[in-house]
1. Pairs only if they're at least six apart or on different chains, beta carbon under 6 angstrom, first in segment 100-121 and without any contact (Cβ under 8 Å) to a residue 40 or more places away in the chain, second of a type in the set (D, E, K, R) and part of a strand (DSSP E or B); list them, first residue then second.
2. If you check Gly133 against the conditions, is it in contact (Cβ under 8 Å) with a residue 60 or more places away in the chain and either surrounded by 10 or more Cβ atoms within 10 Å (Cβ to Cβ) or of a type outside the set (Asp, Glu) (or both)?
3. Taking the condition of being within 17 Å of the chain's Cα centre (by Cα) and more than 17 Å from Asp111 (Cα to Cα), how many residues in segment 132-171 meet it?
4. Is it fair to say Ala161 is part of a helix (DSSP H, G or I) and either over 19 Å from Val46 (Cα atoms) or touching a residue at least 40 places away in the same chain (Cβ under 8 Å) (or both)?
5. Restricting segment 34-77 to residues that are hydroxyl-bearing (Ser, Thr, Tyr) and in contact (Cβ under 8 Å) with a residue 40 or more places away in the chain, which is nearest to the ligand (Cβ to nearest atom)?
6. Against the condition under 17 Å from Leu39 (Cα atoms) and polar (S, T, N, Q), how does Ser89 come out, does it pass?
7. Do we find that Trp148 is out of contact with any Asp or Glu (no Cβ under 7 Å at 6 or more places or on another chain) and within 25 Å of Ser33 (Cα to Cα) in this structure?
8. Restricting attention to segment 74-125, and to residues there that are farther than 20 Å from Gly49 by Cα and aliphatic (A, V, I, L, M), which single residue is farthest from the chain's Cα centre (by Cα)?
Amino acid sequence: MPLPDYIKKQYKKTRTLHGNWYLMNYKYKFNLSRTKVFLKGLKDGVCLGLKCRSCNTVSFPPRLICGRCLVMPDQWVRLPETGTIATGSATYEADDKNRERPLPVIAVRQDGADTIWLHNMPKDIDFHSVYIGMPVKAVWAKERTGSWFDIDYYDALEDPAVELNKKEQEK
Ligand SMILES: [Zn+2]
């Protein structure tokens, strides 16, 4: 097969060098300007999403740059406390060595938002009752401090779609 013009010579194997990559030595600049407003909202018991003026994408928690059009979103919008489970997984408590009681870790899409975030459900919930598309509602921590944990967990809401299916089956 002929080589493209920009490749002058085809090598079977290029040179290899041993090296180490010290990831711990990296310093990252992290802009907290958006996070501060978001956390202040949580402290006040308000869910604030950040809306991109260019494509109307709402991120919750806020994203510094819109992933769709690469502009800085700057429009805060108040979101309801409800959302839907977008996906999830199982986790276990440290003392549950035989993994007998799975606990759900859920990715919640807050109503009115286009992004998801990871959260917990109440510890006494039956893991097998949790499903994708399940409606949930944020439960606030007793003492809010302006942290990510001001929403303690998401509790299950009655699903009108499930109720409708039950009524259909009863007929
Ligand atoms: Zn955008």
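1. Ile116/Arg109
2. no
3. 5
4. On the way: part of a helix (DSSP H, G or I): yes; either over 19 Å from Val46 (Cα atoms) or touching a residue at least 40 places away in the same chain (Cβ under 8 Å) (or both): yes.
Against the criterion (part of a helix (DSSP H, G or I) and either over 19 Å from Val46 (Cα atoms) or touching a residue at least 40 places away in the same chain (Cβ under 8 Å) (or both)), Ala161 qualifies.
5. First, the residues of segment 34-77 that are hydroxyl-bearing (Ser, Thr, Tyr): 35, 54, 57, 59.
Retained after the next criterion (residues that are in contact (Cβ under 8 Å) with a residue 40 or more places away in the chain): 57, 59.
Working: Thr57: 5, Ser59: 9 Å.
Within segment 34-77, the match that is nearest to the ligand (Cβ to nearest atom) is Thr57.
6. Numbers: under 17 Å from Leu39 (Cα atoms): no; polar (S, T, N, Q): yes.
For Ser89, the condition - under 17 Å from Leu39 (Cα atoms) and polar (S, T, N, Q) - is not met.
7. Details: out of contact with any Asp or Glu (no Cβ under 7 Å at 6 or more places or on another chain): yes; within 25 Å of Ser33 (Cα to Cα): yes.
The answer is yes for Trp148.
8. It comes out as Ala94.
Readers should treat all values here as calculations from the given coordinates under stated rules, not as data from a laboratory. Not measured: the values here are computed from a predicted model. All Cβ positions, even for glycine, are placed from backbone atoms using ideal geometry, and neighbour counts span all protein chains on display.
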